[in-house]
Amino acid sequence: SDQPAPWTRRAPAPPRAAMAPMDNEAALACIPPRPPAADKRLGYNVSNDELDEWVSDVDDVSAQIKGIIDGTITDFDALDHQLGIKERVKQIREEELEQKRRRFFLFGQEGKGEGTRYKWWCKRCFVEYLIDLPNHTCTRCQQSDKMMTQEDRRAELMDKLEDYRKTRNTHQWRKDKWIRWKKSQKLLGRSRNINYKAWEYWEPDTDTEDEGDPIVPKDNPEFRAMEADIKDRHKKAAEKAKTAERFRDKGNEAMKAGDFVTAIEHYEEGLEYQRANKALWTNKALAELKVFRWHDAIASCNKVIEYSEIFEDGFRRSANACFKAFVRRGGGLRGPHPWG
């Protein structure tokens, strides 16, 4: 036969791309030596496969000895040939295990860097390395700018965890506050004067906060259309805010002239354009007090107080408007009572 003998064949080589870093002497020097084998005669560190192989070898040797004694084995060259094949198979198996071990250390294992049993982690390839590679270069992407030590990766994950905890606690705090507020309103029995559709107060603060141009991909018709829609919405919101301010000015002029009913109408028209304008609510409450509309004034003040409590986490952000709302609500609560 033209084929070489089985015991002279070499173990199959891994792909050329995978062998490139393994030919580097600096990289091979980083691989730790294999730990010394345990004393298997004492039964330490013996796997089931190794035990089965050892029992099979014992059975083969026993059968060969018995064949020699019985005279059934006379061709000793064939026997040596068979023993050579078995020895070469074991050698090939050892070479394959060594190649696998080298690939494990040089090419690492895929992971997110969440554990502690590694030294370096590539943020680009998501690979964990158990050894110090030459120049701390990833053997997969051949780059070192995204390599992180286990300590740095741990610190990064802890920072993300802390940010997540803060966000979750803030969200839970706001949720609990909203639930407590709803329960308090039920206990007070004032549900007929409270509008629980709180989102009707929300309007973009485009007249006080500069949100800037939206960041969208260039030359994308879908995002261009979205950008145009966003700008159009902001423009309409700004126009509504200006219209609301004009009605507030008209209401203020009517207040100065003593025409409180007309002032209330102007303030209500302004609120149709901007529900979150707290100045319109407080001015409307003052005009309602002037014409003895106590319950309407209380309701107008409640709008400001509830909006600030829910969406601004308190009254400091709009301290002036909230102060007016509390004072004028007090006037509305005091008005119906015939004080002596």
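The values are calculated or read from the model by the stated rules, or taken from the named source; none is laboratory data. Just so you know, these numbers come straight off a predicted model, no measurement behind them. Note that each Cβ is placed from the backbone with ideal geometry, even for glycine, and that neighbours are counted across all protein chains shown. Just so you know, the surface numbers come from the protein's heavy atoms only, side chains and all, with ligands and any DNA or RNA stripped out. Shrake-Rupley method; radii C 1.70, N 1.55, O 1.52, S 1.80 Å.
Looking at region 309-325, is at least one residue open to solvent by 80 Å² or more (accessible area, probe 1.4 Å), modelled with pLDDT under 90 and at positive phi? No, every residue in region 309-325 fails to be open to solvent by 80 Å² or more (accessible area, probe 1.4 Å), modelled with pLDDT under 90 and at positive phi.
For region 269-281, filtered to residues that are buried (at least 21 other Cβ atoms within 10 Å of the Cβ) and hydrophobic (A, V, I, L, M, F, W, C), the residue that is nearest to ALA244 (Cα to Cα) is LEU280.
Checking every residue in region 27-48 against the condition of being at pLDDT 70 or above and open to solvent by 100 Å² or more (accessible area, probe 1.4 Å) gives at least one match.
In region 64-86, the qualifying residues are those that are aliphatic (A, V, I, L, M) and open to solvent by less than 60 Å² (accessible area, probe 1.4 Å), and the one that is nearest to GLN143 (Cα to Cα) is ILE85.
All conditions in (1) assigned to a loop (DSSP other than H, G, I, E, B); (2) open to solvent by 70 Å² or more (accessible area, probe 1.4 Å); (3) farther than 25 Å from MET158 by Cβ hold for CYS141, with the sole exception of (2). Here THR116 does not qualify as in a loop (DSSP other than H, G, I, E, B) and touching a Pro at 6+ places or on another chain (Cβ under 7 Å).
Of all residues in region 87-109, exactly one satisfies the criterion of being among the aliphatic types (A, V, I, L, M), open to solvent by less than 50 Å² (accessible area, probe 1.4 Å) and either modelled with pLDDT under 85 or within 30 Å of LYS123 (Cα to Cα) (or both), namely LEU106.
Rundown of residues vs (1) surrounded by 13 or more Cβ atoms within 10 Å (Cβ to Cβ); (2) within 30 Å of THR170 (Cα to Cα); (3) free of Cβ contacts under 8 Å to residues at least 60 places away in the same chain; (4) of a type in the set (Asp, Glu), yes/no style:
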{"residue": "ASP232", "(1), (2), (3), (4)": "no, no, yes, yes"}
{"residue": "TYR267", "(1), (2), (3), (4)": "yes, no, yes, no"}
{"residue": "ASN283", "(1), (2), (3), (4)": "yes, no, yes, no"}
{"residue": "GLU306", "(1), (2), (3), (4)": "yes, yes, no, yes"}
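If you go through region 100-127 one residue at a time, how many are aliphatic (A, V, I, L, M) and touching a Ser or Thr at 6+ places or on another chain (Cβ under 7 Å)? Of the residues in that region, 1 qualify. Taken as a whole, the structure places GLU128 among residues that are in contact with a strand residue (DSSP E or B) (Cβ under 9 Å, 6 or more places away or on another chain) and either in contact (Cβ under 8 Å) with a residue 40 or more places away in the chain or outside any helix (DSSP H, G or I) (or both).
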